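The values are calculated or read from the model by the stated rules, or taken from the named source; none is laboratory data. Because the structure is predicted, anything quoted here is derived from the model rather than measured. So basically every Cβ, Gly included, is an ideal-geometry build from the backbone, and we count neighbours across all protein chains shown. With ligands, DNA and RNA removed, areas are computed over all heavy atoms of the protein, side chains included. Shrake-Rupley method; radii C 1.70, N 1.55, O 1.52, S 1.80 Å.
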Amino acid sequence: MMMTELDQKSLNYLEELLEKTQESFDGLSNRWNDLQPRKEFDVKISEDFHLGFVFGKLENDFVEWFYSEFGRSMTDHEYKQFWLKCRQLVRTLHKKYDFFYFQE
């Protein structure tokens, strides 16, 4: 069975979404830092937290766009590529290794 790769158009759209999401996360981080000293929240902005934010923010938009663009759902392999691209962004920002749900 041939695995379908995300095409360049999909990767370009995903990069746009990742960039916008990073801007949103920067805003969230600044707000979070304002609240932390007052102990209103006891949550650290970890790599897992950041990945959840990025993935949650993008997943619906990208899946809907993909379906409207190609008239089909992503294959499991394409979806995994999407996940790995989100993870790659977060890892680049955190520059540390952590355990994630998909094995490479």
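Taking first residues from the range 47-64 that are of a type in the set (Val, Ile, Thr) and partners that are open to solvent by less than 50 Å² (accessible area, probe 1.4 Å) and assigned to a helix (DSSP H, G or I), the Cβ contacts under 8 Å between residues at least 6 apart in sequence or on separate chains come to VAL54/LEU18; VAL54/THR21; VAL54/GLN22; VAL54/PHE25; VAL54/CYS86; VAL54/LEU89; VAL54/VAL90.
Conditions (1) in a helix (DSSP H, G or I); (2) among the hydroxyl-bearing types (Ser, Thr, Tyr); (3) open to solvent by less than 70 Å² (accessible area, probe 1.4 Å); (4) at pLDDT below 85, marked per residue:
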site	(1), (2), (3), (4)
LEU17	yes, no, yes, no
GLU23	yes, no, no, yes
GLN36	yes, no, yes, yes
HIS50	yes, no, yes, yes
TRP65	yes, no, yes, no
